[in-house]
Amino acid sequence: MRDRPVTSARLEAADALEAIELYFEKGWTDGLPVVPPTPQRVQEFLDRAGLAPQEVIGAVSTRGRVITAEKVAINAVMAGCLPEYLPVVVSALKAMTTEDYNLHGTTASTMGAAPLLVVNGPIRERIGLNWRNNLFGPGVRANATIGRAVRLVLLNVCGATPGVLDMAVLGQPAKYTYCIAEDEHPGTSWQPLHAERGYEPEQSTVTVFPTLPALLTSAQGASPQVVLQALAGSLCAVGPSAGEIIIVLPPDVVRVLTDAGWTKRQAGEFLFQVARRTEAEWARARLAPPDPATADRVRPVVEDPDRLVLLGGGGRGGPYVAIVPTWGRYGIESRSVTVAIEGGG
Amino acid sequence: MTIQAERLVLLDPTASPIPVTPGRLAPRPRSLAGLRIGLLANSKPFSRELLTLVAERLRRDYGAGSVREWTKRTFSVVAPSSLLDEVAAQSDVVLTAIGD
């Protein structure tokens, strides 16, 4: 790969501190200092991943933008990644540049979606991703910098500059960085996300969801039915407009399900059956427009049980569950996309 | 003899949009009298109603002719070429808008 050098424009600084200030001045950061990207370091990242600098990772045709491996590597260095993280960043961007995900709409929206990366498979352990205590952060380099690298590419390569094309009214902290690994064995008979989506367990994958801010709730109970009924109430607080709803279950909650012999699929089906309200109830909660003609019709919180995405994750110590709705109508504005991670195992 | 400190060489992380050849604007009609108005709504609530209101003013005040409506599947994805071709083929002037 060294016979295909990087071709990005070069600039100079006296030292690393001056470089950090320079990148702030240029508007090339997310508001936090970046690691200065030298040609040698960027080349090291590309060589480790087996990527040629000009290899096209994806394109945002609406904006006339092309994402090359070189630009991803530069922004990954800036984010503070290690070379072995690059395949995850690259794969996430491949997922985000599919038509199904809709990078343009999800990053321009006034509601302010943050891409959540969920990593499955053996790469989690290999590169030190976290799926336990403080799942959503802070604390672990792999989680923090992989998510951040994606944000820097959106900013520097895809034109998602706040106030220019990114018109989020409020934004969210998750837009700095949002990457987790799934806890694939929180209890017996628990099928991880990528296996549910048809991948072999040994295949590492990343799934990207366009998310709105999470709701934290508690799902205490001694039986699956009690736990899931509690969750159904919180799901209904989100309302029936989310495309998908992610439900992150810590081990203390998963054990209640799996000890009673329930699988992830059974839990999802039960939730789908109980998390529903009449149109009048949705309207009364201002979660749907009122329509007297359909007032008594019952509508579930999502259109299909597969749109409730159950994930294992989080530490021991409490039955705290995160409910993360996604942005946009499923399959119309956006939907989650899963891709295999190539080059990283 | 002065010793020059080695400067740090860095890379630009940004990419610019690919330049496109701008299309030519259609010629502006001298009058709207009798012309077919096409409305392309973006699917947001009340987008159709707003465009329809403007079209009715064009008919009332400028003698514009028939009005035909289309709506994009979603606001957040570019209208497909087939839709744009259909709107252009059935309209003399087109009214659309961006908004929330």
Could you grab me the full set of residues in the range A:21-30 that are free of Cβ contacts under 8 Å to residues at least 60 places away in the same chain and surrounded by fewer than 17 Cβ atoms within 10 Å (Cβ to Cβ)?
A:Glu21, A:Phe24, A:Glu25, A:Lys26
Being β-branched (Val, Ile, Thr) and either touching a Leu at 6+ places or on another chain (Cβ under 9 Å) or at pLDDT 95 or above (or both) is the requirement here; does B:Val94 meet it?
yes
Looking at the range A:18-31, which of its residues are more than 7 Å from every other protein chain (Cβ to nearest Cβ) and assigned to a loop (DSSP other than H, G, I, E, B)?
A:Gly27, A:Thr29, A:Asp30, A:Gly31
Given the conditions (1) within 14 Å of chain B (Cβ to nearest Cβ); (2) farther than 16 Å from A:Ser109 by Cα, report the number of the one that A:Gly314 does not fulfil.
(1)
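Restricted to the range A:3-17, and to residues that are part of a loop (DSSP other than H, G, I, E, B) and facing chain B (nearest Cβ under 7 Å), which residue is surrounded by the fewest Cβ atoms within 10 Å (Cβ to Cβ)?
It comes out as A:Ala9.
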Only one of B:Leu53, B:Leu25, B:Leu32, B:Leu39 is modelled with pLDDT of 95 or more and within 29 Å of A:Val60 (Cβ to Cβ); which?
B:Leu39
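Residues are listed down the side, and each one gets a yes or a no for (1) touching a Phe, Trp or Tyr at 6+ places or on another chain (Cβ under 9 Å); (2) under 25 Å from A:Ala113 (Cβ atoms); (3) in a strand (DSSP E or B); (4) within 14 Å of chain B (Cβ to nearest Cβ):
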position: A:Ala174; (1), (2), (3), (4): yes, yes, no, no
position: A:Gln191; (1), (2), (3), (4): no, no, no, no
position: A:Gly198; (1), (2), (3), (4): no, no, no, no
position: A:Gln203; (1), (2), (3), (4): no, no, no, no
position: A:Thr207; (1), (2), (3), (4): no, yes, yes, no
Verdict on A:Asp306 being surrounded by fewer than 16 Cβ atoms within 10 Å (Cβ to Cβ), without any contact (Cβ under 8 Å) to a residue 40 or more places away in the chain and under 23 Å from the mean Cα position of the chain (by Cα):
yes
For the range B:53-94, what are the residues that are surrounded by 15 or more Cβ atoms within 10 Å (Cβ to Cβ), of a type in the set (S, T, N, Q) and more than 25 Å from A:Ser109 (Cβ to Cβ)?
B:Ser91
Here the residues within the range A:196-242 that are more than 26 Å from A:Asp252 (Cα to Cα) and aliphatic (A, V, I, L, M) are A:Ala242
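Just to be sure, is A:Pro138 on the phi < 0 side of the Ramachandran plot and surrounded by fewer than 21 Cβ atoms within 10 Å (Cβ to Cβ)? Before you say what the answer is, go through the steps one by one.
Working: on the phi < 0 side of the Ramachandran plot: yes; surrounded by fewer than 21 Cβ atoms within 10 Å (Cβ to Cβ): yes.
So A:Pro138 passes the test.
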Exactly one condition in (1) of a type outside the set (Val, Ile, Thr); (2) buried (at least 20 other Cβ atoms within 10 Å of the Cβ); (3) within 13 Å of chain B (Cβ to nearest Cβ); (4) over 30 Å from A:Leu249 (Cα atoms) is not met by A:Leu51; state its number.
(3)
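Residues checked against (1) within 27 Å of A:Leu165 (Cβ to Cβ); (2) more than 14 Å from chain B (Cβ to nearest Cβ); (3) in contact with a Gly (Cβ under 9 Å, 6 or more places away or on another chain):
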{"site": "A:Pro33", "(1), (2), (3)": "yes, no, no"}
{"site": "A:Gln43", "(1), (2), (3)": "no, no, no"}
{"site": "A:Thr68", "(1), (2), (3)": "yes, no, no"}
{"site": "A:Lys71", "(1), (2), (3)": "yes, no, no"}
{"site": "A:Ala95", "(1), (2), (3)": "yes, yes, yes"}
{"site": "A:Asp100", "(1), (2), (3)": "yes, no, yes"}
{"site": "A:Ser109", "(1), (2), (3)": "yes, no, yes"}
{"site": "A:Ala113", "(1), (2), (3)": "yes, no, yes"}
{"site": "A:Gly121", "(1), (2), (3)": "no, yes, yes"}
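The values are calculated or read from the model by the stated rules, or taken from the named source; none is laboratory data. Quick caveat, the model's predicted, so the values are computed rather than measured. Please note: Cβ atoms are built from the backbone with ideal geometry, for glycine as well, and neighbour counts cover all protein chains shown.
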